[in-house]
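Novice: The structure that follows is given in the form of structure tokens.
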Amino acid sequence: MANLPPHAKLTYSSHGEDAVLAAIYEEHGGLPEAGFYVDVGAYHPTAVSNTALLYEAGWRGINIEPNPAMADYLTRLRPGDITLQQAAGTPGRTADLLFFGDWASSNTLDPDFGTMISTSQNVPIERSIPTAVVPLSDVFAEHLPPYLGIDFLTVDVEGMDVEVLESNDWGRYRPGVVAVEDLTLRLEEPADSAVFRLLTAEGYRFVSHALKTSFYLSPELATT
């Protein structure tokens, strides 16, 4: 099992998502010693990161981050990872990243989300950055080592989370655990969430929720 620091003492995530992931894996055979993650909307190598603790524990993975400044941080500070300065979604295309700033966590390709952030937080959109949007299935086909599965997929992309999930080939690529920011989820009525409906239709089970992030367990991992 991976030599992680006690999760009660250290978390890099916004709301302890890395600790929740570790707890889920502890119930299903233990956290892999050298797992593989895909971090969509990775943002920063350590700040509010769902994968920084995993990287420190020896995991490696793919980071997808359209912000040029943050993609550069990830490339330099996580040399063991593959970092792609692009966005994920469907269909493949070029779209405008609405850019609030290098350190803004609300940069988005969703015009409605960008307008909401600009209005509610009274911050201007500095500029638009043309950004490649690539389906997850294409990313995996090109960059996922053929002998590896995906132990953890985390998605936090400011309004485009469902589109990212729709861009995967779920018959071919089935992460053990999927964590998704889901601002629409109501615990009393989870089926109202498009994320919930999509992932449960693919056989995943909703197993936990950390304030804004929902966790889904693959049936393949659930049987271990």
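Novice: Quick one: net charge around Asn50, please, counting Lys, Arg +1 and Asp, Glu -1 for every other residue with C-beta under 9 Å from its C-beta. Write out the running numbers ahead of the final one.
Specialist: Details: positive: none; negative: Glu17, Asp18, Asp39, Asp156.
That works out to -4.
Novice: Can you list residues from other chains, or at least 5 along the same chain, whose modelled amide H is less than 5 Å from the amide H of Asp169?
Specialist: Ser137
Novice: Taking the simple approach of a point 7 Å from Cα along Cα-to-Cβ for both Ile129 and Glu33, what is their distance in nm?
Specialist: 3.9 nm
Novice: So what is the 222 nm mean residue ellipticity for the chain from helices alone, if each DSSP H run of at least 4 adds -39500 (n - 2.57) and you divide by all residues, rounding to the nearest 500 deg cm²/dmol? Don't skip to the end; give the middle numbers.
Specialist: Working: 8 runs with 62 residues, N = 224.
So the helix-based figure for the chain works out to -7500 deg cm²/dmol.
Novice: Students often get this wrong, so try it: which of (1) 16.5, 49; (2) 17.1, 52; (3) 18.3, 57 is Rg and Dmax of the Cα atoms in Å as calculated from the structure shown?
Specialist: It is the value labelled (1).
Novice: Let me ask you something else. Loop sites only, by DSSP: take the trypsin sites (Lys or Arg not before Pro) in the chain that have at most 13 other C-beta atoms within 10 Å and name the longest stretch containing none of them. Please list the in-between numbers first.
Specialist: Numbers: sites that count: Lys9, Arg172, Arg186.
So the longest stretch without any such site is 10-171.
Novice: Let me ask another. Run the numbers for Thr200 and Arg186: contour at 0.36 nm per residue of separation, minus the present Cα-Cα distance, in nm.
Specialist: Values: separation 14, 0.36 × 14 = 5.04 nm, distance 1.55 nm.
Full extension from Thr200 to Arg186 adds 3.5 nm.
Novice: What nm distance separates the two modelled labels at Asn122 and Glu166, each placed 7 Å from Cα along Cα→Cβ?
Specialist: 3.6 nm
Novice: Taking the chain as a Gaussian network, Cα atoms linked when under 10 Å apart, which of Ser105, Ser120, Ser128 shows the biggest mean-square fluctuation?
Specialist: Ser120
Novice: Pull out a ≥ b ≥ c, the square roots of the eigenvalues of the alpha-carbon gyration tensor of segment 116-208, then state rounded if a/c is under 1.5, prolate if not and a/b is larger than b/c, and oblate in the remaining case. If you can, show how the numbers build up before the last one.
Specialist: Details: a/c = 2.60, a/b = 1.22, b/c = 2.13.
Oblate is the answer for segment 116-208, as a/c is 1.5 or above yet b/c matches or exceeds a/b.
Novice: Suppose every K and R has +1 on its Cβ and every D and E has -1 on its Cβ; what is the size of the dipole of the chain about the Cα centre, in Debye to the nearest 20?
Specialist: Values: 12 positive and 31 negative charges, 61 e Å.
Roughly 300 debye for the chain.
Novice: Want the number for Val207 to Asp72: 0.36 nm per residue separation, take away the alpha-carbon distance, what's left?
Specialist: Net length gain for the segment: 45.2 nm.
Novice: Just going by the charge dipole of the chain, with Lys and Arg at +1 and Asp and Glu at -1 on Cβ, which of Val195, Gly176, Leu54 is farthest out on the positive end?
Specialist: The Cα lying farthest towards the positive end belongs to Leu54.
Novice: In a Gaussian network model over the chain where Cα atoms closer than 10 Å are linked, find which of Gly89, Gly203, Gly171 has the largest mean-square fluctuation.
Specialist: Gly171
Quick note: the coordinates plus some simple rules give every number you see, no bench work behind them. What you see is a predicted model, and the numbers here were worked out from it, not measured in a lab. Every residue, glycine among them, receives a Cβ derived from its backbone with ideal geometry; neighbour counts consider all protein chains shown.
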